[in-house]
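Taking it in order: structure first as structure tokens, then the write-up.
Every number here is computed from the coordinates shown, using simple stated rules; none is lab data. Predicted model, so just to flag it, every value in this text is computed and none were measured. Backbone-built Cβ (ideal geometry, glycine too); neighbour counts: all protein chains shown.
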């Protein structure tokens, strides 16, 4: 039971966090822009989400590599959003990815030993 919870928690958390990030790109629709410009804006705003989707796909098969990618993505986001210079609001966006990366690594470490025994 614990293995199932630890297996599914990072995956569901990553999906919800990516959807939350994609929610912010909805501001592209509206205004006096053409449909082409709005779609281009939407695609450009979601480039980080697409990268995180690729990281999630990799993490689904190779948990250690995916966990490290999620941690690196959170570190890159914290540098980009200047989280270390007094911007605590960025934690709302980045903390789920840190937790996801840690959970992927913890699941790999704990249950790889169990499978080897």
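Suppose we keep only residues that are surrounded by fewer than 17 Cβ atoms within 10 Å (Cβ to Cβ) and in contact with a helix residue (DSSP H, G or I) (Cβ under 8 Å, 6 or more places away or on another chain) within segment 40-55. Which one would you say is farthest from residue 102 (Cα to Cα)?
Filtering segment 40-55 down to residues surrounded by fewer than 17 Cβ atoms within 10 Å (Cβ to Cβ) leaves 40-45, 47, 50-51, 53-54.
Narrowing further to those that are in contact with a helix residue (DSSP H, G or I) (Cβ under 8 Å, 6 or more places away or on another chain): 41-42, 45, 51, 53.
Details: 41: 32, 42: 30, 45: 26, 51: 18, 53: 17 Å.
The extreme case among them is 41.
Among residues belonging to segment 56-78 that are buried (at least 18 other Cβ atoms within 10 Å of the Cβ) and in contact (Cβ under 8 Å) with a residue 40 or more places away in the chain, point out the one that is farthest from residue 21 (Cα to Cα).
63
Taking into account only those residues within segment 5-34 that are more than 20 Å from the chain's Cα centre (by Cα) and part of a helix (DSSP H, G or I), which is surrounded by the most Cβ atoms within 10 Å (Cβ to Cβ)?
If we filter segment 5-34 for residues that are more than 20 Å from the chain's Cα centre (by Cα), which is where we start, we get 27-34.
Applying the additional criterion that residues be part of a helix (DSSP H, G or I) yields 27-28.
Working: 27: 11, 28: 18.
Top of the filtered list is 28.
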